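> Pasting a structure here, questions to come.
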Amino acid sequence: MKNLYFYLFCFLSLFIYLSCKKDAVPTNPGWTYDPTPYTVEYPDNFPIMVFDEDNPMTVEGVELGRMLYYDTLLHPNGDMACASCHDQSLSFASFPTVLPHVNLGWNTTFLWNGKVSGNIEDIMLFEVDDFFKTDLTKFNNHETYPKLFYEAFETEEITSVHASRALAQFLRTVISSDSRYDKIITSGSGVFPTEEELNGYDIFFTERGDCFHCHGGILFSDNLFHNNGLDAEPSANGLSEITGDPLDLGKYKTPTLRNIALTAPYMHDGRFQTLEEVVDFYSDGVQPSATIDPLMKQAHNGGINLTEEEKDDLVAFLKTLTDTTFTNNPAFSNPF
């Protein structure tokens, strides 16, 4: 009798095992999960990019993320896609004013007020769930996406986590690193600055202009939050809106200056239309307040008080940060 129970137990165990194996097989026998690893390439003078160990980069994931970025299916009414507000020709920024999707792989805080922190997966999950409020049933019932998600993530049920991971993979590849400035600082490139650009460089990276404290480094952003003296009475819709700390009044995230000539209007509220207006503000329009950043050392003088020639030179330097290779890269363009 014991032998009978033993054989029955073995039979049931084998049946359960085979049933589980059968469930692991995709509904469509034509689907396969054999992703190709993807290596993100960037210059040696850039910081080391940190990746999410739960979201390894693959060719399939990157291409899927690119499709999602341009697909209005993300929106419940099909009215807009990520690319609707983030135009490649404008360094993935747009009017009225959004932070550009450029070099996000090195960011740990997102949005002007820092509402989301973590990695790109976190901000993309926010976009899918909270901003777009995406209806995932449309993707699960789609004629194409279920197979693509299976090939990228080995899943037969598309969730917002899968969508956010695909978008994150694509955005990690969206790197700007080939501007005129990058060519100038590259040994042997044969590209040299004009006198105006060189003067602007000196203003930018010295106490004369004081720009480098917040916009220094190869990324041209410290990824922190500052009250840069826009208003004598700062509003509460910046970092303080998130933290509830009155000491954070007027603080907004430092945007990257890469491709800055393409991303007008400027500041969190788009109050300045041109780079010249921005430079005029830092020169003579800074408004001291109780929470102004200590780095704004010349606030009591209204700013850094540049001459007209110095202003022109600084703008000339800022324009060297434009990367047309980036804005025309077909790997970042609309796949449809």
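Computed from the coordinates by the stated procedures, all read-outs in this text should not be read as laboratory data. These numbers were taken from a predicted model, which means no experiment stands behind them. Every residue, glycine as well, gets a Cβ built from its backbone with ideal geometry; the counts of neighbours run over all protein chains shown.
> Can you tell me the dipole magnitude for the chain around its Cα centre, using point charges on the Cβ only (Lys, Arg +1; Asp, Glu -1), in Debye to the nearest 20?
In total the dipole reaches around 1260 debye.
> Here is a follow-up. Among Glu41, Glu308, Glu53, whose mean-square fluctuation peaks in a Gaussian network model of the chain (Cα, cutoff 10 Å)?
So, out of Glu41, Glu308, Glu53, the one fluctuating most is Glu53.
> Let me ask something else about it. I need the peptides 154-165, 325-336 ranked by packing, meaning the mean over residues of other C-beta atoms within 10 angstrom, with the highest value on top.
Ranked by mean Cβ neighbours within 10 Å, highest first: 154-165, 325-336.
> Working out 0.36 nm times the residue gap between Asn329 and Thr206, then minus their Cα-Cα distance, what length gain in nm do you get to one decimal?
Answer, rounded to one decimal: 41.0 nm.
> Starting from the Cα-Cα distance between Glu195 and Cys85, subtract it from 0.36 nm times their residue separation and give me the gain in nm to one decimal.
Full extension from Glu195 to Cys85 adds 36.0 nm.
> Restricting to Cα pairs below 8 Å that are 6+ residues apart, what does the relative contact order work out to for the chain? Please round to a whole percent.
Relative contact order comes out at 20 percent.
> Pick out, from Tyr33, Ser333, Ile292, the residue whose Cα sits farthest towards the positive end of the charge dipole of the chain, with +1 on the Cβ of Lys and Arg and -1 on the Cβ of Asp and Glu.
Tyr33
> Here's another thing I want to ask about it. When the chain is modelled as a GNM with alpha-carbon springs shorter than 10 Å, which of Asp269, Asp44, Asp231 fluctuates the most?
Taking springs between Cα atoms under 10 Å, the residue moving most is Asp44.
> Through the Karplus equation 6.51 cos²θ - 1.76 cosθ + 1.60, θ set to phi - 60°, convert the phi angles of the range 134-144 into ³J(HN,Hα) values in whole Hz; use x for Gly and Pro.
Residue by residue, the range 134-144 yields 5, 8, 5, 4, 5, 6, 5, 9, 6, 6, 10 Hz.
> Please list, in chain and number order, the residues 5+ apart from Val116 or on another chain whose amide H is under 5 Å from its amide H, with Hs placed from the backbone.
Phe110
> Dipole size in debye (nearest 20) for the range 20-176 around its Cα centre, Lys and Arg Cβ +1, Asp and Glu Cβ -1?
In total the dipole reaches around 180 debye.
> To continue, here is another question. Counting other beta carbons within 10 Å of each residue's own, what order do Cys211, Cys82 fall into, fewest first?
By the 10 Å Cβ count, ascending, the order reads Cys211, Cys82.
> Once Rh for the chain is found with the Kirkwood sum over Cα pairs, what is the Stokes-Einstein diffusion coefficient at 4 °C and 1.567 mPa s, in µm²/s?
58 µm²/s
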